[in-house]
1. Test of understanding: what is the full-extension gain from V47 to K302, defined as 0.36 nm times their sequence separation minus their Cα-Cα distance?
2. If the elastic network links every pair of Cα atoms under 10 Å, which of V366, V185, V52 fluctuates the most in the Gaussian network model of the chain?
3. In percent, how large is the relative contact order of the chain, given Cα pairs closer than 8 Å and 6 or more residues apart?
4. Quick one: if you take sqrt(5λ) for each eigenvalue of the C-alpha gyration tensor of the stretch 46-417, what semi-axes come out, biggest first, whole angstrom?
5. Across the Cα atoms of the stretch 280-421, what radius of gyration and what greatest pairwise Cα-Cα distance (Dmax) are found, in Å?
6. Once amide H atoms are built 1.01 Å from N in the peptide plane, which residues 5 or more positions from R396, or in another chain, come under 5 Å H to H?
7. Given the options D66, D177, D406, which has the most mean-square fluctuation in a GNM of the chain, springs set between C-alpha atoms less than 10 angstrom apart?
8. Using amide H atoms built 1.01 Å from N in the peptide plane, name the residues 5+ places from N126, or on other chains, whose amide H lies under 5 Å from its own.
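The values are calculated or read from the model by the stated rules, or taken from the named source; none is laboratory data. Model, not experiment: these values are computed from the prediction. Backbone-built Cβ (ideal geometry, glycine too); neighbour counts: all protein chains shown. Quick note on the areas: whole protein, heavy atoms, side chains included, nothing else; ligands and nucleic acids left out. Shrake-Rupley method; radii C 1.70, N 1.55, O 1.52, S 1.80 Å.
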Amino acid sequence: MLLPLLLLATIPPTISEESKVPPYTLPDPLVCADGRKVTDAKTWNEVRRPEVFRLVEENMFGRTPDTSKLQAVVEIREQSKDAFGGKATRTQFKVWPIGKKGPSFDMLLYVPNAAKRPAPVFVGLNFGSNHTTTEDPAVFVATSWVSKQWALKGTTQADPALRGGQARRWEFETLIDRGYASATVYYGDFEPDHPEGWKNGFRAAISPDGANTQWKDGEWAAIGCWAWGLSRMLDVLEKVPSVDAKRAAVHGHSRLGKASLWAGAQDQRFAFVISNNSGCGGAALNKRIFGETVGVISGHYKGRGFPHWFTARFETFSEKEDQLPLDAHYLLALAAPRPLYVASASEDSWADPLGEFLGAVHADPVYQVLGQPGLATKEYPPVSKSVGQTVGYHIRPGAHDILLEDWKNYADFADRVMPAK
Ligand code: GTR
């Protein structure tokens, strides 16, 4: 009798059928803590946005320390005008964002040679080292920790033979042809993605207690560190004359889509925010309990999930989603009034495609208060149809991934909101 009960306790209650989604009530992003209703941009910007921001910070990602007083050191390791058959200039930077006593990251940048003025830029992290994003033989191999999938057998060092191993996810050439620059950094340069990874990343380097830090509830976690890294990339891009950092799109897939949304929320220099299949902890509504849940992702069930991604409080909402004082629409609304794009994939039920769409739908009132049409539809579109105005959405046929169809939609949207030509 005991055994089935024990088993039940370890099986996370997730839902994969729409008919099983429980009734839920979403908090209203336009009602202030004191009950006031937001009807103008001023009240949003001065009162409600800071409250919504704090709710996301306290309950999900934790507080990012202010590092603006620290002096970055930027060096160019390599540069060539001959990338992609002479279509682009490749620059590889080595950056010490908190000074040379701290760790560094390697940023790969492609800028179209045909550009007549500084090019708008797509800014995103990659999963497996810069050299996995392209077949380009000149791109350096990461020196920081990589996961098994990208490592030389029996080590945590990046495997040089996996050059181009993620190239299908990186449409550099498509973007170059359309006039866009692209910058990427391996996310493990900021923080290796495992529970102890922070000790060798920027969180330890920035903390006064270094690798001995005892993280408290409310302090930042790995997603916060990756989001911070995206802003440090933008700092460097602001100083590159061939790039127009005022037209910068921050993007990310999956866990890096969560980081992209949080970066866009914290750093309003990003002109356009893109979430690709970011799911739970990203664009998908938690209160639907569909696919991946708060409990699963935050490590509530032993041996599963990613407790190092979130601040401690997030886990306390496991199986108590109804008590969450926010939901994904709060995170998405922090992009407003800037252009935002949310993309799903039809077979990616773990990330809850409908929940991602509804996250965007429920961010719309904030866009509208700020004088933007937002998504401007509540109707779930068929696959491969891009909808929306200031907020875009599509559901691509196929699996959890970021592919050419996604990039075409991002570039089409960018042509409207941060045009290259
Ligand atoms: C999964 C995780 C998702 C998503 C994904 C990814 O294992 O459950 O939330 O982040 O990893 O990043 O590929």
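1. 87.9 nm
2. Comparing V366, V185, V52 in the GNM, the peak value goes to V52.
3. Result for the chain is 17 percent.
4. Working: eigenvalues 164, 129, 78 Å².
So the three semi-axes of the stretch 46-417 are 29, 25, 20 Å.
5. Cα-based Rg and Dmax for the stretch 280-421 come out at 15.7, 52 Å.
6. Counting only residues 5 or more places away or on other chains, the set is S344, A345, S346, S384.
7. In this elastic network of the chain, the residue with the biggest mean-square fluctuation among D66, D177, D406 is D66.
8. For N126, whose amide H was placed from the backbone, the distant partners under 5 Å are V185, Y186, Y187.
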